[in-house]
Every structure is written in structure tokens, then in C-alpha cells.
Amino acid sequence: MLSLTVSQNCGLPLCDQIVAGIKRQIDDRHLRPGTKLPSIRYFAETYHVSRFTVVEAYDRLVAMGYLQSRRGAGFYTAAAPTHAGAADAAPSDNHKRNEQLVWLIRRLLEADENTVLAGGPWLPNSWRDEAGIRQTLNVLARKNGAHLLEYGHPFGYLPLREHLAQMLASLGITARAGQILLTQGTSQALDLVIRYLLKPGDAALVDDPGYYNMFGNLRLQGVEMLAVPRNPDGPDISVLEELAAAHRPKVYFTQSVMQNPTGTDMSPHVAFKVLQAAERHNFSVVEDDVFSDLQVRTTPRLATLDQLNRVIYTRSFSKTVSGSLRVGFIACAQDTARELADIKMLTSITTSQFTERLVYQMLVDGHYRKHLSRLRERLGEARLNVVRAFERIGLELFVEPTDGMFVWARLPQVEDSLTLAEASQRDGIMLAPGAVFRPHLERSPWMRFNVTVCEDTRVQRWLQRQVAGKAA
């Protein structure tokens with residue numbers, strides 16, 4: 001039987017408290033080899049923590065050699081003292097699976113047409129330019145050449161890279177085509193950067209809350225994530241400085257505008273402080289600008305201020321053109337771009353010249369510009385309507401975003417939004433609880449809402465019922 005004290009008021013993260021407590025009991029032989037631990041659900045209910053926190057704690061203990069995972073049976077204390085040190089323990093399959101995050105992503109991808117993706121990460125199909133894509137496909141298919149058959153260039157289609165250099169110039173970022181590497185969306189871009197900059201055991205600064213898919217990738221790679229709280233004007237600089245001084249991270253992953261999930265923009269003052277800290281503590285900055293084209297009024301990026309010295313800049317057309325086409329890019333120093341291209345060739349040979357040509361054609365023939373104009377206007381109307389509706393219902397907003405498609409909000413008197421997300425599933429509504437956006441999956445009262453979906457009266461009525469129930 002476990003004898004643990006887990007406190008919300010302790011200075012240590014909940015996951016660290018659980019790991020330390022179980023580890024101590026095994027070391028002191030209060031838990032004998034082969035002892036079955038409580039199920040994830042039972043542990044979470046008993047100690048009033050989220051299931052994500054328990055999964056993270058159990059996974060860490062498996063990786064350290066203290067626990068064993070038996071498929072379909074649960075978690076057991078290790079039969080042999082294989083825990084001489086975390087550095088000596090090979091990462092387990094269970095640890096690598098990131099089961100809760102994989103489960104969430106699978107639910108998003110496999111959701112049927114009757115499920116309302118109130119917390120979804122992308123635009124509805126009806127908001128995309130399907131007609132423009134079909135028209136451009138027809139034009140491209142009629143062109144002679146081997147682009148339908150051959151592998152592409154390691155760096156990607158040159159005319160597109162040259163056009164992207166012009167697009168970056170409109171943000172005040174100077175880059176040549178040789179500094180731009182095309183990728184299969186931002187996910188591959190971040191994966192290449194993680195492989196290039198980090199090795200197991202290294203530390204990386206990340207936003208809290210931030211992008212859960214990247215957190216899963218960092219966890220797969222055995223990287224220690226240092227959580228930097230996200231304020232309305234950007235990262236908490238004092239915490240960033242303390243973590244950087246104590247842990248010597250190799251890199252900071254962030255989004256300067258329309259941050260996912262909070263929708264916040266980094267102020268110029270905070271952006272300068274981030275770059276000063278990077279210089280002082282000698283770490284790189286990876287700026288994920290995947291939502292860039294949804295911004296109406298252009299504001300400086302970290303890459304604008306830094307000019308790709310310490311900053312590695314990533315971006316994609318998956319959010320605005322098509323999630324199926326998967327075209328993104330990295331802009332960085334030229335030597336870095338060459339090394340990233342080598343990793344790209346080793347891991348995926350190359351990217352699709354056909355889809356790169358298609359995106360290029362849409363960019364230069366005016367389709368994309370017209371689509372963005374309509375999209376931004378429609379997003380602005382939806383965002384205003386949803387913000388007003390949420391305020392009427394009684395939700396608390398972290399900020400009122402000026403651009404993008406996300407609102408970060410919470411219900412009154414709810415400290416763990418995971419319970420709401422579980423309840424909403426029964427009514428055909430999928431929410432995005434704040435816990436999944438935290439690096440170590442701690443509980444959170446906040447939720448991400450997608451404004452393109454939350455005009456739906458089913459979502460608003462459901463939220464209204466929850467608020468009314470809490471007030472009763």
C-alpha cells in the first residue's frame with residue numbers, strides 16, 4: 001500500500017512529488033519487488049491529481065528502472081534493482097509512447113462529423129480554399145516535367161524557397177534561399193531541430209502552457225523540459241533567467257505571436273529580454289510561427305530582432321492551405337541549414353516536390369492572398385462573437401486575442417478542466433483541457449477554444465449549463 005503526501009501547495013511539481021515518494025518507498029523496501037501499484041484512475045482520484053500527472057510519474061519511474069509496465073495488467077515494482085541511476089536506464093517503450101497525448105491526437109484525427117471539436121487545433125474544412133487547391137492541381141498536372149515522379153531537391157523546390165525569402169522580408173527577416181529548408185509541415189521542422197540541437201539528458205526551455213505535440217517529441221528524445229510560465233505579454237522573464245542559470249539549457253522553444261494555446265503575443269520589451277537572456281546564457285531560440293498568416297497587422301518576430309543569429313525560425317502552410325499538403329520550412333543560419341538538410345536526408349530522403357510546386361503556384365497566382373483576406377475577416381468576426389458569448393456565459397478569458405483562432409479561457413470554480421473535458425465527450429463535444437498543454441501534464445483550470453467552432457450554439461449552451469450548475 002502506498003503512503004504518500006501529495007500537496008498542491010508544495011513548491012515541487014505534483015509529478016516530482018509522486019516520483020520522489022514512490023522511489024523512496026522502493027529504496028526503503030516498503031514496496032517489495034513485484035508489488036502492483038494503484039491504477040492510474042484510482043491513484044488520480046485518491047490523491048486529487050489528473051491522470052496525465054500519474055501517467056507522467058509512472059512513466060518516469062519505468063524509465064528509471066523502478067517500475068515495470070505489463071500490458072493490460074498495470075504497473076509493478078521492478079523485480080530486480082535495475083535503478084542504479086536514471087542515466088543508466090534505457091528509455092522504455094511505455095515512456096516513449098506518451099499515451100495520453102497520442103490518445104488525444106488520435107481522437108482529433110478520428111473524430112466523426114457529429115463531434116464538435118470545440119478545442120480543435122485547425123480550421124474546419126469549410127473554411128479552407130478547396131476550390132483553389134483543385135484549380136491549382138489541374139494547372140500543375142498539365143505541366144510537363146518529372147515533378148510527378150522524381151524525388152525533390154534536399155533543400156526543397158528552389159522557386160518556393162526564393163519566394164519565401166521575399167515573404168520573410170515583409171516581416172523584416174533577411175534570408176537567402178540557401179538559408180531556407182523546406183519540410184513536411186512544422187512538425188517535421190521541429191523534429192529536425194530537436195535532433196540537431198539536443199541529445200538525451202539535455203535541457204530545453206519551453207512555454208507553460210505550450211504546444212503538446214512538441215512536448216511529446218521532446219519527451220521521446222529524453223530531453224528535460226524546463227517550464228517557463230506564459231504571461232499575457234510573453235514568457236515570465238524572471239523564471240526564464242533562473243532556469244537558464246541553474247540548468248544551462250541548449251534552447252528555448254516558443255511562439256512570439258498568436259501563441260498556442262493562449263493566443264498571446266510577446267511584447268517587444270519581453271522579446272528583447274528573451275534575446276538578451278539567450279546571449280547571456282548561450283542558448284538558441286526556436287521560434288514557431290505556424291499561425292503567422294492569420295495575423296492582420298504585422299508585428300516584429302524574434303527572428304526580426306535577431307536576424308537568424310541565435311533564432312531558428314519555423315513556419316507552415318498546413319493551418320491555412322491544407323493539412324494534407326504538409327509544406328513548411330525552417331529559416332536559419334546557412335551552416336545550420338546545411339546540417340539540418342543532412343538530417344532531413346537521413347530521416348526522410350526529401351520532401352514532396354509536387355506539393356511544394358502546388359503551394360508555390362498558389363502563392364504566386366494570387367489564390368492564397370485572396371483566401372487569406374477572406375479568412376482573416378471571417379476569423380475576426382468569429383473571434384469577436386465568441387469572446388462576447390463567453391463573457392455573457394461567465395467564462396474568464398486569459399486575454400482577449402487580437403488575431404488567430406484560439407481563446408484561452410476557464411469556467412468559474414473549476415480547478416481541473418480535465419473533468420469538464422471528460423464530461424463533454426458524453427455530449428458529443430470535444431474540449432481541450434489545459435493539462436495537455438503543460439510540459440509535465442499538471443492539472444489546469446484553463447481550456448483552449450477554437451473560435452471557428454465555438455460559435456456553434458451546442459457549445460455555448462453546454463458551457464452555459466456547466467456555469468449554471470457551478471453557481472447553483
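Every read-out reported here was derived from the displayed coordinates using simple, explicitly stated rules and does not represent laboratory data. Since we're looking at a predicted model, the values are computed, not measured. Glycine also receives a Cβ, built like all others from the backbone with ideal geometry; neighbour counts cover every protein chain displayed.
In table form, for the structure just shown:
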{"quantity": "Fully extended contour minus Cα-Cα distance, from N114 to R374, at 0.36 nm per residue", "calculated": "91.0 nm"}
{"quantity": "Rounded, prolate or oblate (a/c below 1.5 giving rounded, otherwise prolate when a/b exceeds b/c) for the range 273-371 by Cα gyration tensor", "calculated": "oblate"}
{"quantity": "Quotient of Cα Rg and 2.2 N^0.38 Å for the range 162-214, N being how many residues it contains", "calculated": "1.42"}
{"quantity": "Pair-distance profile P(r), taking every C-alpha pair of the range 166-325, with 10 angstrom steps and integer %", "calculated": "10, 43, 38, 8, 0"}
{"quantity": "Gyration tensor (Cα) of the range 324-374, equivalent ellipsoid semi-axes in angstrom", "calculated": "27, 14, 8"}
{"quantity": "Charged-residue dipole, Cβ positions (Lys, Arg, Asp, Glu), the chain about Cα centre, Debye nearest 20", "calculated": "780 debye"}
{"quantity": "Rounded to 5, the percent of DSSP beta bridges in the chain classed as antiparallel", "calculated": "55 percent"}
{"quantity": "Between the range 1-46 and the range 429-448, the alpha-carbon center distance in angstrom", "calculated": "22 Å"}
{"quantity": "Paramagnetic label zone (point 7 Å from Cα along Cα-to-C-beta, E224; backbone N under 14 Å) in the range 249-287", "calculated": "249-251"}
{"quantity": "Rg and Dmax [Cα atoms of the range 413-472; Å; Rg one decimal, Dmax integer]", "calculated": "11.7, 34"}
{"quantity": "Förster radius 60 Å - calculated FRET efficiency between R297 and K36 (Cβ-Cβ, nearest 0.05)", "calculated": "0.55"}
{"quantity": "Non-local Lys pairs in the chain, i.e. 8 or more apart or on different chains, that have alpha carbons under 30 Å apart", "calculated": "22"}
{"quantity": "Kirkwood Rh in Å, taken over all unlike Cα pairs in the range 135-194", "calculated": "13.4 Å"}
{"quantity": "Listed peptides 319-331, 345-357 by packing density, highest first (mean Cβ within 10 Å)", "calculated": "319-331, 345-357"}
{"quantity": "Listed peptides 396-409, 293-306 by packing density, highest first (mean Cβ within 10 Å)", "calculated": "396-409, 293-306"}
{"quantity": "Kirkwood hydrodynamic radius over Cα pairs of the range 335-415, then Stokes diffusion coefficient at 20 °C and 1.002 mPa s, in µm²/s", "calculated": "127 µm²/s"}
{"quantity": "Alpha-carbon Debye profile of the chain, log10 I(q)/I(0) at 0.05, 0.10 Å⁻¹", "calculated": "-0.20, -0.80"}
{"quantity": "Span per principal axis, largest first, for the Cα atoms of the range 187-264 (Å)", "calculated": "31, 29, 15"}
{"quantity": "Positive-end residue of G72, A189, L37, charge dipole of the chain with Cβ unit charges", "calculated": "G72"}
{"quantity": "Within the chain, helix-based [θ] at 222 nm, where runs of 4 or more DSSP H residues each add -39,500 (n - 2.57), nearest 500", "calculated": "-13500 deg cm²/dmol"}
